[in-house]
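Reviewing the structure listed below.
The values are calculated or read from the model by the stated rules, or taken from the named source; none is laboratory data. Only a predicted model underlies this, so the values are computations on that prediction, with no experimental measurement involved. Cβ placement follows ideal geometry from the backbone for every residue including glycine, while neighbour counts extend to all protein chains displayed. What goes into the accessible areas is simple: the full protein's heavy atoms, side chains included, and nothing from ligands, DNA or RNA. Shrake-Rupley method; radii C 1.70, N 1.55, O 1.52, S 1.80 Å.
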Amino acid sequence: MNGDFTLADGVFWLLSAATALGGLGAALSRNIVRAVFFLLLTFAGVAGLYGLLSADFLAAVQLMVYVGGVLVLMLFAVMLTSQIDQAHQSNPVGSRWLGIACGAAMLAVLWTTLVRAPFLEESAPAYAPTTAELGHTLTGIGFLPLLAVGLLLCAVIVGAVVVARRGPGTE
Amino acid sequence: MRALAEYLAASWQLSPLGRELLSAGLILLTAIVVFAVALLIAALLTWLERRVAGRVQSRVGPNRVGPLGLLQWLADGLKMILKEDVVPAAADRPLFLLAPYPVMIGVFAAFATVPFSQLLIAADLDVGVLYLIAVTSLVVVGILMAGWGSNNKWSLLGGIRSAAQIVAYEVPAALALLSVVVMAGTLSLQSIVAAQGGWPWEWYLLRTPFGFVAFFIYFTAAVAEGNRTPFDLPEAESELVAGYNTEYSGIRFGGFFLGEFANIYLMSAIASALFFGGWQIPGVTPAEQVGSVWWQALGFLVFVAKAGVGCLVVILLRWTFPRLRVDQLTALCYRYLAPGAFLCLVGNALWIVLVPAGSLFERMVGYGMTAVAAALGLWFVLRMRRHMVSTGDRLDLDLFARGHTRAAFDPAWQARAYGRFRRRRPGEAS
Amino acid sequence: MSEIVETAGREELILNMGPHHPSTHGVLRFVLHTDGEIMRLARPDIGYLHRGLEKLAEGQSYPGYLPFCDRVNYLEGIFCEQAYAMAVERLLKIEVPPRAEALRTITAELNRIANHHICLGCISMDIGAYTPFVYLLRERERINDLMEALCGNRLTYHYLRLGGVAHDADDAWLKNALAFVDKFERVIPEFESLIGKNEILVRRLAGVASICGADAVAYGLVGPNLRASGVDWDLRRDAPYSFYPRLSFEVPVGKGERGTVGDCYDRFLVRVEEMRQSCRLVRQAIEKLPAGDIRAKVPRVLKIPAGETYACVEGARGELGVYLVSDGSDKPYRLKWRTGSFAAMSIIETVSRGLMIADLVALIASLDVIAPETDR
Amino acid sequence: MNPTEIQERLGQRLGASLECGGAGADAFVIVPAERWLEAARALREGEGLDFDYLRSLTAVDRPAEGKIDVAAHLFSYKRRHALTLKTRLDRAAPRIASLGAVWPAAHWHERELWEMFGVAIENHPDLRHLLLPEDWPGHPLRKDYAMPERYQGIPTRRPAPLAEPAAGTGPTNTGPKNPPEAP
C-alpha cells in the first residue's frame, strides 16, 4: 500500500465503511426488521469488495444468494413471526455480555490471522475473466465435492418438502 | 470504453490519478446514459401500454398530450413530481422513503448489460447473465421494504405475496436462462448473441426443442417476476387494493411504476438477446457488421423491434387474462415450471454432447421447428380472424388512431328517437 | 404494527376491507379475520347506502313513488318498477293491457341482459381480467341507447306507469331492438370463448365457494344464485305473470360443470345462459306484440282500498318482492322491499369460512350483490 | 295445498283456532306472539306444509291500535304454496322469538326488525344494528318517529339547495364566486 492514493483505494474504503456500518447497524438496531435491512448494506458492500478484487463471478453470486435468497428468507421469517410488534429487541438482554465475549474472541482470531498472513503485494489487479476457470475447476477437480453438495442439497429439499407437507395437512 | 479512456488520457497527458478520475467520470457518464435510456424506454412503454389497452378495449387511449398522446408520459411524470409525497404517520419512515430505490436500482442497473447492438452496450460483462439475475434480485428487497414500511396490512400482504412469488419464480427463470448459457458456453450476453444467427432457425429458440420450451418457461417466469397479469397478485387491485404501493404517492410511486415498466422492457430484451438472436441480421455475419455503421443501425433496430414485440405481448397478456390465485401461482411454479426448466437445462446439455454442432440433423431440427412455429402463428391469426368475423367486429389494430366512435345504431334514427325527450324551449314547436 | 388477535390458540389478522375497496361493489365493508391468506371469518357491514326508501314511500303518493323504485337497484330499474306496479295494480284490481305487458317484458328482459353484463363483467374484473368488462359495457351501451330512445332515460328508466307503460314503442324501435338481439346472440358465444372458457377463470371459479341447494333455500337465495345451486325455480315460469305465459324459454340450472354444483363458476354460467334466454324472450315478445292501449284507466288521484299484498317478479337477481300495506289513503301505509342482494349478502359470512381472500372477491362478485339493493 | 287447507292444518298442529284471512297468495294466519316460534316450526316441518323458504320478515306499525304487526312471508319450493304468518305485538314492549333456528335467513331480517321497529328479538345470536349506525337513536320505521335534528353533531337536514339561505344560516362561500362576477 505504498504509492499514491488511487481511486480504487477510495472505493475500497467506501465499500468497507458501508459493510462495517451495515454490520454495526444489524447488530445494534433494536428493530428486528431494520436490522435485517441493515444486512442488505453489508451484503451489498461485500459484493462490491469482491467486484473490486475482480472476482466478478463471486460478486454476482454474493448478490444473488445473499440478497436475493438469504435476506428475503430472513425478512420472510421475521414478517411472518406472530409477535412482531413486541419483537423490537433483536436480542434478549441477558446474552449481551455473551455476545460481546463471542465478538471479542472472533476479533482475536481474525486479528491473529491478519497479522500472521504473508500478504503478497500485487501491483495491478488483474481484470481477467474468472468464470471459465471456475467452470473448469468445478467440472474437473472439484466435480466430486460439487456432486456431494448437490446430493446434500437435494436431501435438504426433500426433507423440507416432507416437513412442509406434514405441517398444514395434519390440522 | 477503455480504449477511449486510454486515448484521452494519452492525448491529455494526465497523471495516474487524473487517469483514474477520467475513467471514473466516463463510467459515471455511461451510468447516467444507461439510466436515461432506461427511463425513456419505461416512460414510452407506459404510453404504449395505455394505448394498446385502449385499442384492446375498443377505445382510443391517451390522445391529448402531444401528437397521438405521445407526450402523455411527460405530463404524467410532471404530475407525479409535483404531487405531494405523502408519508403515512404510522409508517416506518426510513424504510418507507428508501423502498423505491432498490427497485429502481435493481431494474435500471440491469440495463447496463443489455446488448442493444453489436457495439452499443454499456458493459459487456463476462458474467452478464449472472449479473442480471443478481441485480434484479434487489427488486424484491425494495418491495418488501415498501410492504413493511407502509404499515398497512394490505401493503404487507402484497409485499409478502411479492417476495414469495419472486423468490419462487427466480428458480425457473434462472434455469431457463442457463439452458441457453449451456448452449452458448458463455455468460456474456454479447457472446451469446454472437453465437446465434440472423435466421430464425439459428436462434436458440428454434435450434432445439428444449430451447423452445425454455423460452416459454423464462417468459412466464419473467412475467411473474415483473408482477404482471396474470401474476399481478402483489398489486392485485380487486384483492389487495394496490398491494405494496397502496400508500405511495407522487414521485415515489413513480419510482415503482417506472421500475415495473423498465422491467417489462428488460425481460423482453433478455428474451430477445438469449432466444431470438438479438441484433443479428439474417444473412449478415457479425464480422461483416462490425465495420459498417448502417449494419449497426439496422442491428439496433432489429433488436429493438424484437424486444418491442415482447413488450407488446406482455401488455396484451395483461389486458386479456384473469389473475391466478396464490396457491395456483406457487403450484404452477414448483410443479411445472421449475422441473420443466430443469429438464430443459439437462436436455440442452445432452444435446451439445450428442448432436454435433452444424450437423445436418441439427439444421433439419431448426428448419422443422421454424415451420411448426410459423404454422402455429398462422393458426392463431386465422382463429382470431374467425372470432372477429363472427361478431361482426372488424380488425382494428390501428395504434395510431386519432379517435373515432361508432354509433351503435343509425345515428339519424337515434337523434330522432332521443329528440322526443329533449326539453323544449318555450315557444318551440314540437 | 398489526393487531393480531389470539382466538382459540390461533392468530388472526383483522383486515378492514372497504367501504372503499375496489371490489366491494358500491359502498360496502367487510371485516375479515384472516390467517395469512386464509379467511377465518368475513363479516359484512352494510348500511352505507341506506336511503330509507321504505320510509320515504310513506310520504309519497302511489304514482309519485314510482321513480324511487329505480333507485332501489339502479341496475334493474324495470324490475323494481314492475314489482311495485304489480303490487299496486293487484290491490286496485286493474287489468294491464296486453301491449303494455309485452312492452314491460321486452324492457325487463333487456334490463336483465344489461344487468348480467355488469355482473359478468365484474366477475371477470374482480379476478383480474379488465377487458371483458369493457366489452360487455360496450354491448350494454346499445341497450342503454335503446332504453333512452324508448323512455328518455339510460339507467333509472321510470318507464312503467301504474296500469301500463309510459311510452309506446314504434316499429323503428322494435326493429332496432331485434337488431340488437340478433347481434348480441352472436356475441354471447364469443364472450364464452374469450373469457368463460378461459382456463384461469375456470380454475378461479370452479369448485370455489359452493352453496348447496338446501343452504341456498334456507338463506333465501333467489334467482340465478338459487338456480346455480341446483334448485330449478323461476317465477317467470313457475308463477307466471305479465306476458311470460305466452312465451317459451328454458331455465338454466347449475350442473357443476367443472367443479361442484353451486360454485362460483355455476353462477357465472347460469347468468350467461340467462342472457341467451332473455334474447329469445325479447324476440318472441316483439313477434307476438299485441296491438292496443299501453295504459289502463287509472284515476289521477289514487286511493287504494285498505289491504295488503306481496307481489314479486323474477328480477335479474331473482325474486324481487314488494310487500305493500294500504290503509285506504293515497299514500302507502307500509312498503317493504325484499331484494335478492339482501339474502345473498347474509350468506357470505357462512360461506366465506376457509376461503382465500381472492376467493372472497370471486364469491362477492358471483353472488352479484349490490349495495343499494341491500341497504335500500 | 290451498290456503284454507294450510290454515286448517296449522290450526290442528297448534291445537288452537287461528285467525285467518286473505286469499290466494296473500293468505295469512295470525298466531299469538308466544307461539310464534312454534308455529314457524310447524310450518317448516309439518307434514305437507314444508315451508322451506322465508321470503321476508317485516313489521307494520299500527299506533292507532297500539300494536305492531309482524309478518313473515313464507313459501314452499317443494309444495309450491305460500302463506303469510303474522302475529300482533304489544307496541309498548314488543318481544318476539327468533326464527333463525328455523330459517337462517331470518337473522338479518330480525336485525332490521329490531333496529327499525324496536322489536326485541329473543335468542338472536348477533343482535346488532344492520343498516343504521350503531348509536342511531330511535326506530325509524315507527309511525311516530321523529328524525333527530343532529346526529353526532352533524345536521341531518340540509337547506333546500335552491332556496335562498337566510342570512347567517347557510355555509358562507369563501371560494371563488360561481358564476364569476363580470369584470
statement: Non-local residues with an amide H under 5 Å from the amide H of C:R334, with H modelled 1.01 Å from N and Pro and chain starts lacking one, are C:V325
query: Relative to a virtual label point 7 Å from the Cα of A:L152 in the Cα→beta-carbon direction, which members of the range A:30-60 show backbone nitrogen distances below 12 Å?
result: none
- request: Determine the calculated [θ] at 222 nm for chain C from helices alone, applying -39500 (n - 2.57) to every DSSP H run no shorter than 4 residues and normalising by the residue count; nearest 500 deg cm²/dmol.
  value: -14500 deg cm²/dmol
- prompt: Counting only protein chains, not ligands or nucleic acids, how are C:K197, C:K336 ordered by accessible area (probe 1.4 Å), most first?
  reply: C:K197, C:K336
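Heavy-atom accessible area per residue, the protein assembly as shown, 1.4 Å probe: how many Å²?
Numbers: 52580 Å² over 1160 residues.
Per residue, the protein assembly as shown has an accessible area of 45 Å².
Using only Cα atoms, what Kirkwood radius does chain C have, in angstroms?
Details: mean 1/r = 0.0470 Å⁻¹.
When all Cα pairs of chain C are included, the Kirkwood radius is 21.3 Å.
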query: Rounded to a whole number, what is D in µm²/s for chain B from Stokes-Einstein with the Kirkwood radius over alpha-carbon pairs (25 °C, 0.890 mPa s)?
result: 102
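At a 1.4 Å probe, what is the % contribution of carbon and sulfur to the accessible area of the range A:8-82?
On the way: 2800 of 3460 Å².
Answer for the range A:8-82: carbon and sulfur cover 81 percent of the accessible area.
Note the buried accessible area between C and B here, summed over both chains, with a 1.4 Å probe, in Å² to the nearest 100.
On the way: alone 15200 and 22880 Å², together 33800 Å².
Summed over both sides, the interface buries about 4300 Å².
Just tell me how shielded C:143-150 is by partners: mean number of partner chain Cβ atoms within 10 Å of each residue's Cβ, no decimals. It would help to have the intermediate numbers written out before the result.
Numbers: counts 1, 1, 6, 4, 0, 4, 10, 3.
Counting Cβ atoms of other protein chains within 10 Å of each residue's Cβ and averaging gives 4.
So what's the net charge close to C:V181: Lys and Arg +1, Asp and Glu -1, counting the other residues with Cβ under 9 Å from its Cβ? Could the numbers behind the result be given before it?
Details: positive: C:K183, C:R280, C:R283; negative: C:D182, C:E185.
The answer is +1.
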query: To the nearest 10 degrees, how steeply does helix C:171-191 sit against the main Cα axis of chain C, on a 0 to 90 scale?
result: 20
task: For the protein assembly as shown, take the alpha-carbon Rg, divide it by the Kirkwood Rh, and send me Rg/Rh.
output: 1.04
- request: Restricting attention to chain C, give the cysteines that have no other cysteine Cβ less than 4.7 angstrom from their Cβ.
  value: C:C119, C:C122, C:C151, C:C212, C:C264, C:C279, C:C312
message: On C-alpha positions alone, give me the angle between the axis of helix D:3-14 and the longest principal axis of chain D, in degrees, nearest 10.
response: 70
- prompt: What does the highest-first list of C:102-112, C:340-350 look like by mean Cβ count within 10 Å?
  reply: C:102-112, C:340-350
- prompt: Under 5 Å between amide H atoms, partner at least 5 residues away or on a different chain: which partners does D:Y53 have, H built in plane at 1.01 Å?
  reply: D:F75, D:Y77
Estimated translational D of the range C:313-369 in µm²/s (Stokes, Kirkwood radius over Cα pairs; 4 °C; 1.567 mPa s): 96
field: Fraction of accessible area attributable to carbon and sulfur, the range D:3-142 (%, probe 1.4 Å)
entry: 46
- line: Put B:L8, D:L57 in order of accessible area, largest first, probe 1.4 Å, and you get B:L8, D:L57
- line: Expressed in angstrom and rounded, the centroid-to-centroid distance over alpha carbons for the range B:225-297 and the range D:68-96 is 65
- prompt: Using Cα atoms only, what is the angle between the long axis of helix B:293-318 and the major principal axis of chain B, expressed in degrees (0 to 90) to the nearest 10?
  reply: 50
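What does DSSP give for the protein assembly as shown in terms of the percent of beta bridges that are antiparallel, rounded to the nearest 5? Don't skip to the answer; put the middle values down first.
On the way: 57 of 63 bridges.
Beta bridges within the protein assembly as shown, antiparallel portion: roughly 90 percent.
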field: Global size of the range C:241-292 as Cα Rg and Dmax, reported in angstrom
entry: 14.4, 49
- request: Could you tell me which of rounded, prolate or oblate describes the range A:8-82, using a ≥ b ≥ c as the square roots of the eigenvalues of the alpha-carbon gyration tensor, with rounded for a/c under 1.5 and, failing that, prolate when a/b is larger than b/c and oblate otherwise?
  value: oblate
task: Please list, in chain and number order, the residues 5+ apart from D:G138 or on another chain whose amide H is under 5 Å from its amide H, with Hs placed from the backbone.
output: none
query: Using only the Cα atoms, what convex hull volume per residue in Å³ does the range B:27-161 have?
result: 172
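Could you rank B:L350, D:L74 by how accessible they are, 1.4 Å probe, largest area first? Can you show the working numbers first?
Values: B:L350 95, D:L74 0 Å².
Descending accessible area places them as B:L350, D:L74.
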- request: Between the alpha-carbon centers of the range B:119-171 and the range B:322-348, tell me the distance in whole angstrom.
  value: 19
query: What does the charge count near B:A222 come to, summing +1 for each Lys or Arg and -1 for each Asp or Glu among other residues with Cβ under 11 Å from its Cβ?
result: -1
field: Alpha-carbon spread of the range D:3-142, three principal axes, descending order, Å
entry: 45, 31, 24
Between the range C:107-130 and the range A:45-75, the alpha-carbon center distance in angstrom: 51
query: So how many Lys-Lys pairs in chain D land under 28 Å Cα to Cα, not counting same-chain pairs under 8 apart?
result: 4
statement: The A/B contact buries a total accessible area, at probe radius 1.4 Å and rounded to the nearest 100 Å², of 2300
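Give me the one-decimal Kirkwood hydrodynamic radius in Å for the range B:137-210, with the sum taken over alpha-carbon pairs. Don't skip to the answer; put the middle values down first.
Working: mean 1/r = 0.0679 Å⁻¹.
Averaging 1/r across every pair of different Cα atoms and inverting gives 14.7 Å.
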